[in-house]
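Written out below as structure tokens is the structure these notes cover.
Bear in mind that the values in this text are calculations on the coordinates, not laboratory data. Source: prediction; values computed, not measured. Don't worry about glycine lacking a Cβ; one is built from the backbone with ideal geometry, like all the others, and counts go over all protein chains shown.
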Ligand code: GLY
Ligand code: MN
Ligand code: MN
């Protein structure tokens, strides 16, 4: 009852906003298919827009929304029931089966469920009947350097192209992208999303704490990855948010390092970027720590520069502020820290980038990286309920002579928390995941982190 009310409400809001006929496609293929979020082992592989509007995690479904219809304003098209296929792949919802129909109705609240092979005819009939001269659909489109561009490699674009072709042949209205209104509704999390996001944080954080307590057992990045992912997956059936980055020593200067196969050595730092999903909410956490369990003096100075920048961003984050402004605070704090706390005591460094290595954050929610893939949201005042990552970093070769000792390392440091923006500030969902030097050293020494 709860879920169907929630999905129905989401679809109603979209219909009220758009007022036009809309067709939205789920992913046409199963896990392992070619979408950016469909990793082969991923238990949730549905198009996030479809997941958000219906909760149906199954390939080959299409949602038709027709706000001007008095008889049936929403129709879900699914495959016919196929028992032979179910023998291989497990139970799937399908037309021609009473039980399926009951389930679809109870999960989604959609009463009208039809065979996907009828979609084209139904669309044509509805479209030619409607007075509005557009058909809404969803694809990823934005502006990059002032030019409009689309992501052409995902299934949404394939669906759009198919619709374009049909509309031309029917001499019917043109397509309109509903991406902006969809994201406007989807990005601010509601209280249930926040509960789920917190649960994802708790499992991710617990995995990290257990990892650090056991860290002495490990010698290779893949052991760390296996243990950490095992801890998280044991506690969530919804899968990882993304494949973990487990990077020791200089590997941590590769931002999206995924080989995770090197042995590590006692004086190195390790950067891990990891997280699990709970329901459809993602955690996206990064922690960096010394594999020995103790920071050397240079590592501590550099680490605390990044941590200070992260705190400054958190302090500044609130509704109405832009993410561009967060970037300014972040990289300014890092640069100041390098000047005053590192170079001023004789430190030298070669950074691997000009000005800044990456943005301090991105939108999150139904996807690890959510919202406009072209990130034009960076210029928008943030809204209450937006979830963002806060992930300053420092990457390069650093040298320092201190108390007669010379430190010389190629290091990558990133610390990443997830924040929910509020009218007066933000909630740091990751606040229980240890990150101060003291907390990390305590945990690795086998005692409780505070
Ligand atoms: N996990 C990749 C990122 O932090 O954006
Ligand atoms: Mn991350
Ligand atoms: Mn991130």
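Numbers for the structure displayed
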| read-out | value |
| --- | --- |
| Pairwise FRET efficiency - residue 223 versus residue 311, Cβ, R0 = 30 Å, nearest 0.05 | 0.40 |
| Mean Cβ count within 10 Å, highest first, over the residues of peptides 112-120, 338-346, 16-24 | 16-24, 112-120, 338-346 |
| Distance histogram for segment 190-252 (every C-alpha pair counted, 5 angstrom bins, percent rounded to whole numbers) | 3, 16, 25, 23, 16, 9, 5, 2, 1 |
| Scattering curve values for the chain, log₁₀ I(q)/I(0), Debye with Cα scatterers, q = 0.08 Å⁻¹ | -0.52 |
| Rounded Å value of the spacing that divides the Cα centres of segment 281-304 and segment 367-437 | 12 Å |
| Using distinct alpha-carbon pairs, which all enter the 1/r mean, Kirkwood radius of segment 237-361 in Å | 16.3 Å |
| Cβ-based exposure ranking for 178, 324, in which fewest neighbours within 10 Å come first | 324, 178 |
| Burial ordering of 217, 70, fewest other beta-carbon atoms within 10 Å first | 70, 217 |
| Residue with peak Gaussian network fluctuation, the chain [Cα springs, cutoff 10 Å], from 15, 387, 269 | 15 |
| Highest-fluctuation residue, 147, 209, 219 considered, GNM on the chain with Cα pairs under 10 Å | 147 |
| Calculated FRET efficiency for the pair residue 304/residue 401, C-beta based, R₀ 22 Å, to 0.05 | 0.70 |
| Length released on extending from residue 166 to residue 5, taking residue separation times 0.36 nm less the Cα-Cα span | 54.6 nm |
| Order of 139, 331 - criterion: other Cβ atoms within 10 Å of each residue's Cβ, fewest first | 331, 139 |
| Segment 246-379: relative contact order in percent, alpha carbon pairs under 8 Å with at least 6 residues between | 20 percent |
| Among 428-439, 90-101, 303-314, the order from most to least packed when residues are scored by Cβ within 10 Å on average | 303-314, 428-439, 90-101 |
| Highest-fluctuation residue, 204, 132, 288 considered, GNM on the chain with Cα pairs under 10 Å | 132 |
| Kirkwood Rh and Cα Rg combined as Rg/Rh, segment 13-170 | 0.97 |
| Computed P(r) (all Cα pairs; segment 84-178; 5 Å bins; percent) | 2, 10, 15, 15, 16, 16, 13, 7, 3, 1, 0 |
